[in-house]
Structure formats: C-alpha cells, structure tokens
Amino acid sequence: MPSTTSPLLPPLLLATDGSTSAGTAQRLVLPVIQLFSQLPPEADRQTWLDVLTVQPRPAGMRPRLPALSRKPTAETRTPEAEPELTSPLSLPEVENGHRADLNPNDLFAQIKAEMPLDRKIAYQSREGRPATEILNHARTIQAGLIAVGHRGVGGSRELLLGSVSSAIARYATCHVLVARGLPEAPTLQPKWHHVLLAVNGSQATKQAIALTRQLIPAGIQRVTILCAQTPLNPHYLFGPFATPTPNWQLTQSLQQAQKEQSEQIIQKAQEKLAGANVAITSLIQTGEPGPIICQIAQQQQADVIILGSDRHPAFRNIRLTATGDYVLHHAPCPILLCRTARSETETNLGSEAEISREEA
C-alpha cells in the first residue's frame with residue numbers, strides 16, 4: 001500500500017461541468033497524477049482519478065416533503081422517465097462562451113483526449129445537488145483531493161446564495177483545489193511554477209508545507225513563503241474594564257515577540273523544503289491575513305496559493321476559516337486548501353440541509 005506519510009494519495013476527484021474554471025482545475029490535476037508513478041506497484045490496482053459531473057434534477061423530479069395535513073386521494077401522477085446519460089448537461093449559465101447544452105458523453109470525450117493513457121481514470125455522471133453528490137462521492141472513494149472550478153458569480157449574489165465550490169471548501173475533509181478561469185487570457189496554460197505558501201502556527205500549515213514538498217515534481221520552480229500576522233492590540237491584555245494606554249516599551253516588545261514567532265514559523269517551513277531544487281523567498285507581513293495573501297499573490301504573480309485551512313473554531317462541520325473564506329472569494333489565482341488527517345470518529349460530511357444552503 002502507498003505510504004501513509006504522503007500528504008496526498010490517490011484517488012483524486014475532478015468535479016467538472018465543462019466550464020472554463022473546471023478546465024483550469026483539470027489541467028492543474030494532470031501533473032499531479034504523474035506524481036503517483038512513484039508509488040509502489042500495489043497502488044496501480046486502484047483508480048487514480050475519478051471524473052464526476054452532476055446534472056441538476058429537472059424541476060418536476062425534485063423531492064418534496066410530505067404535507068402532514070394532506071389527505072391521500074385516488075388520483076396518482078405517473079412518474080417521469082429517468083433521464084439517460086446522454087441528456088443535456090444543464091449549466092446555470094454560459095461562461096466564456098461555453099455551450100450550456102454539452103452532454104456528459106461529449107464532456108468525457110474531451111477530458112479523455114487530454115488525460116494520460118497509462119493512468120486508471122473512472123468517469124461517472126450523477127443527478128442531484130452538485131455539492132452534495134460531489135462530497136458524498138468523495139467520501140465513498142476516500143478521495144485525497146477534490147478539484148473543482150469556481151464560477152465566480154461574485155458580489156452579493158455569491159454571499160447570499162453561495163456556490164458549489166464554496167460548499168465543497170467548507171465541508172470537505174480532504175484537500176480541495178479550487179480553480180478559477182482565466183478570462184483575461186483563456187489560452188494561458190495553468191501551471192504550478194510559482195507557489196505562494198501561506199503559513200502560520202496551525203496544524204493544517206504542516207500539511208500545507210508537506211504537500212508543497214510533494215508537489216515540487218509537478219513543476220514548482222519557485223516558492224514564496226508568506227507569514228501574515230494579525231496586528232496585536234495591547235489593550236486586550238488588560239481586560240474590558242481596565243485599558244490603560246500602553247507605553248511604547250510594551251508595544252515594542254509585543255511586536256518583537258510577534259516578529260520572532262513569524263521568523264520561527266518561516267524557518268521551519270524552509271527546513272522542510274530544504275534540498276529541493278526550487279527558489280525560496282520569504283515575507284513577513286502584518287495585517288489581516290486574507291487580504292494580505294491575495295495582495296501578495298497579485299503582486300508576485302503567483303500561479304497557485306497553498307494554505308492550511310481546517311476546522312472552523314466555532315462550527316463543528318465547517319472546515320473553512322475566515323482567512324480561507326476570504327482567499328477563496330478574492331484570490332487572483334487557483335487555491336489549494338490543505339486539511340489535516342481526518343479522524344475516524346469525526347463526521348465526514350455536514351447535513352444535506354447545511355450544504356444545500358451553500359449552493360447557488
């Protein structure tokens with residue numbers, strides 16, 4: 001069996017709807033599949049990549065809750081025929097000129113043309129709520145990573161209605177790769193050349209560092225290690241009823257302690273990446289982590305952002321922190337959210353009602 005020390009193991013799950021952003025996720029997954037050739041021969045017996053597309057149910061086939069006060073009548077309704085695999089793939093909107101009537105067979109044929117022939121790849125089409133079906137399938141196959149496109153409806157619509165990629169990022173227990181389309185350069189090939197690795201003192205950061213090390217053969221040539229620290233407010237040290245104005249010595253000592261902590265975190269990350277044939281630079285920034293990560297990614301023209309994002313401190317099923325949520329919605333490039341090893345006793349999936357509220 002493959003070594004359990006590897007942070008990323010097959011199978012991978014590629015959830016696609018034929019959009020430009022899903023195509024970006026597909027092209028980023030291709031070099032990752034090649035890494036599995038280094039696994040033991042026993043690993044060849046399993047599927048390395050599952051390609052899944054989910055068609056929303058027609059309006060007439062949506063399940064409805066039974067009405068408690070409704071009396072049974074003799075009139076019955078003939079159920080509609082189950083749609084075949086070749087039925088049109090219903091997309092919410094047309095993105096970058098992509099055809100909304102693309103059927104799963106045509107979509108799978110396009111993907112097969114780009115996939116390596118020496119890799120075991122499974123293709124499947126389902127019907128239902130996209131986020132729920134994707135998360136259930138990932139749990140069934142014990143996926144090591146879910147790759148999905150982010151359609152980016154943007155603005156208040158996404159905040160109120162959510163999106164499939166947002167729901168997957170919140171509830172998935174495995175690593176999640178959220179890819180954005182490149183409307184300004186649709187022919188630009190997505191790549192792993194420059195990675196922005198956001199680090200802090202969490203356990204998920206350790207997985208992010210280990211996963212970055214594993215992905216170096218996928219084409220990483222440069223790694224920028226960024227430690228973004230939230231500004232300290234000395235007033236909080238004295239409680240809500242006594243907030244004396246701190247002197248400059250206290251402020252300076254707190255800032256120095258924070259700087260030393262950031263340097264230690266970056267040093268540990270550099271030690272883990274030592275020996276790899278990549279250029280490593282480091283940055284320490286003070287401010288809100290989410291905006292800083294997106295700003296540095298834009299300035300440095302990073303190809304992918306890798307950051308640890310695990311269980312939310314206030315919600316049991318949500319595995320997306322405030323920083324991860326901000327980066328997910330505002331990052332200028334694809335994001336790889338790294339999760340810690342899941343416990344056998346923890347719930348792998350939130351309730352369907354919770355996930356449904358996240359879907360657009």
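For Leu283 and Glu263 in one chain, what is 0.36 nm times their gap in residues minus the Cα-Cα distance, to one decimal in nm? Could the numbers behind the result be given before it?
Working: separation 20, 0.36 × 20 = 7.20 nm, distance 0.94 nm.
Between Leu283 and Glu263, full extension yields an extra 6.3 nm.
Using the basic label-point model (7 angstrom from Cα toward the beta carbon), what is the Gln256 to Ala322 distance in nanometres?
In this crude spin-label approximation the distance works out to 2.9 nm.
How far apart, in nm, are the 7 Å Cα→Cβ label points at Gln299 and His193?
Distance between the two pseudo-spin positions: 2.1 nm.
What are the extents of the Cα atoms of the range 259-302 along their three principal axes, listed from largest to smallest and rounded to whole Å?
Principal extents (Cα only, largest first): 31, 26, 11 Å.
For the peptides 291-302, 8-19, what is the packing order when you average, over each peptide's residues, the other Cβ atoms within 10 Å and list the highest mean first? Walk me through the numbers on the way to the answer.
Numbers: 291-302: 17.9, 8-19: 23.8.
Highest to lowest by the protection proxy: 8-19, 291-302.
Could you work out how much longer the chain between Ala109 and Gln124 gets when fully extended? Use 0.36 nm per residue separation minus the Cα distance between them, nm to one decimal.
4.2 nm
Among the lysines, select those whose C-alpha is under 21 Å from the C-alpha of Lys206, and discard any that sit fewer than 8 residues away in the same chain.
Within reach: Lys259, Lys268, Lys272.
Every number in this text was worked out from the coordinates using simple rules, so none of it is lab data. Not measured: the values here are computed from a predicted model. Ideal geometry is used to build each Cβ from the backbone, glycine not excepted, and the neighbour counts take in all protein chains shown.
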